[in-house]
Amino acid sequence: MTPADSTSPLHLGRSDNQLDNFTDSYILFQETTRKYREAYEQLEAQFESLTVKLEETNVDLQKRVEERDRVTNYLNNILDSMSGGVLVVDLDGQITHFNQEAEELTGYEQDQVLGYPYADIIGLADGRQNTAMHTLDTGERLSNKEKSLRRADGRVIPLGFSTSLLRDEQGTVLGVVEVFNDLTEVKRLEAEVQRVNTLAALGEMAATVAHEIRNPLGGIAGYAGMLERDLSSEDPNRRLVHRIIEGVGRLNRIVSSLLTYTRPLRLNAYPVNLVELVEETTAFFEIDLERQRDDITVERSYEDDALVCRLDPEQLQQVILNLLQNATQAMPEGGTLQIRVFAEGELGAFCIGDTGIGMEADVHEKLFTPFFTTKEDGTGLGLVTSKKIVEAHSGTIRVESQVGQGTQFYVHLPQ
Ligand code: ADP
Ligand code: MG
């Protein structure tokens, strides 16, 4: 036996041991590798799912951003297309939103107001209690209130407004919204209604009074006529009686125009060629004019085509005659009567102009006030009556005048 042999069991034992160890290690290694692989696979799967999740989140985020942009745009569009001014102030009282209508109503542009204090722009002319600042201070909302606003151009307009706190989803206050509207037109209509009501009452009274006056007036005219007939042509009293008859005539005219003015208008409207109507009335007026004055020239300029408007020719003839008469009376030294008929867009229009005395600002202002007259024998009802008739036709009457140069009255009527 070799020494090796003697040691072989030991060797063997050792190598047995080694083998075991090796096997163990191998198994362990295998196990570990498997675990690692599993872990790796798991990680990979996790990574994959994370990537997917991330992608989903990204898409979701993108969607949300788009959605938010869409909502913001949508809200901005709504705000911009609203028929009312809308502004928003933040907690510091600075303007953060100002829609298109707000720009138009106030005359300020967005870049002049965004980021600036509300108090500087919309002003606190009427005091703080009538503003968004009040709502910001107290939390109290104001609804359907009125105040006046000084626009960027200095013009003051009546404003209807409401304010309300602006909160987020959690209810935290973000600021205040103020919605406002121009009340100029509403105020004008209110005044108009008031005027019409007063007129209606006045009309009722005038009709009664006029009726009561007419009878004795007829009597006076009748008796004066008889007296005049009985007096010989040389009698100096004849002149006095003649004065009485003239005076009665004037009173009668005043009473008649008062009745025309205060009576409710009933239009008998049908399609009429405006060119023909104006020309017929002018020709009729000219016959009278030529008998009284030789210092007035009549100029005409008419649209070639017919301008057919739905109107009451008798009433409109009254308007044309009133304007022609005023124009003539405005030219005591003679001049030119200018008559034009023309189309303006969808409207039929005519203009009656003179080269007369024109009017001062105070006359211009009171032109359409009942009983306003600068003439000794005027009634001051010609223009108000004309205006009433034109407006009953849904038309407009407008005047341009220069002192010493002349005046043009424009009437526009729907075709
Ligand atoms: P009246 O003719 O009886 O005075 P109107 O209502 O027709 O009443 O006119 C009111 C006033 O308007 C006139 O008294 C006159 O001062 C002014 N006016 C009207 N038309 C003209 C005109 N063409 N040129 C200058 N002033 C005018
Ligand atoms: Mg007149």
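In table form, for the structure just shown:
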| quantity | calculated |
| --- | --- |
| Amide H contacts under 5 Å for L311, placed H, 5+ residues apart | Y270, V272 |
| Gap separating the Cα centres of the stretch 208-243 and the stretch 249-293, nearest whole Å | 27 |
| Theoretical ellipticity at 222 nm over the chain - DSSP helices of four or more residues, -39500 (n - 2.57) apiece, nearest 500 | -19000 deg cm²/dmol |
| Helix 3-81 vs. the chain, principal-axis angle (Cα, 0 to 90°, nearest 10) | 0 |
| Karplus (6.51, -1.76, 1.60) ³J(HN,Hα), θ = phi - 60°, over the stretch 311-327, in Hz, Gly and Pro reported as x | 7, 8, x, 5, 5, 5, 4, 4, 4, 4, 4, 4, 5, 4, 5, 4, 4 |
| Accessible surface of the stretch 15-81 [probe 1.4 Å, protein heavy atoms]: carbon and sulfur percent | 57 |
| Accessible area (Å², per residue) of the stretch 270-414, counting only protein heavy atoms and a probe of 1.4 Å | 51 |
| Karplus-derived HN-Hα couplings along the stretch 91-107 (A = 6.51, B = -1.76, C = 1.60, θ = phi - 60°), whole Hz, x at Gly and Pro | 5, 8, x, 9, 6, 10, 8, 8, 7, 4, 5, 4, 4, 5, 5, 8, x |
| Accessible surface of I352 - all protein chains present, 1.4 Å probe, nearest 10 Å² | 0 |
| Signed unit charges on C-beta, dipole axis of the chain, positive-most listed residue T396, A221, L267 | A221 |
| The stretch 325-395: trypsin sites (Lys or Arg not before Pro) falling in loop per DSSP and having at most 12 other Cβ within 10 Å | K375 |
| A200-E146 FRET efficiency (beta carbon distance; Förster radius 35 Å; 0.05 resolution) | 0.85 |
| With every protein chain in place, the stretch 188-262: carbon and sulfur % of accessible area (1.4 Å) | 62 |
| Contour excess over end-to-end distance, with Cα ends at E66 and Q325 and 0.36 nm allotted per residue | 86.3 nm |
| Accessible surface ranking that places the most exposed of T328, T355 first, with a 1.4 angstrom probe | T355, T328 |
| The chain, relative contact order in percent, only Cα pairs under 8 angstrom and at least six apart counted | 9 |
| Rounded percent of accessible protein surface that carbon and sulfur make up, the stretch 82-182, 1.4 Å probe | 43 |
| Peptides 342-348, 408-414 ordered by average Cβ neighbours within 10 Å, highest first | 408-414, 342-348 |
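The values are calculated or read from the model by the stated rules, or taken from the named source; none is laboratory data. Worth saying up front: this structure is predicted, and the values here are computed from it rather than measured. Using ideal geometry, Cβ is built from the backbone for each residue, glycine included, and neighbour counts are taken over all protein chains shown. Side chains included, ligands, DNA and RNA excluded: accessible areas come from the protein's heavy atoms. Shrake-Rupley method; radii C 1.70, N 1.55, O 1.52, S 1.80 Å.
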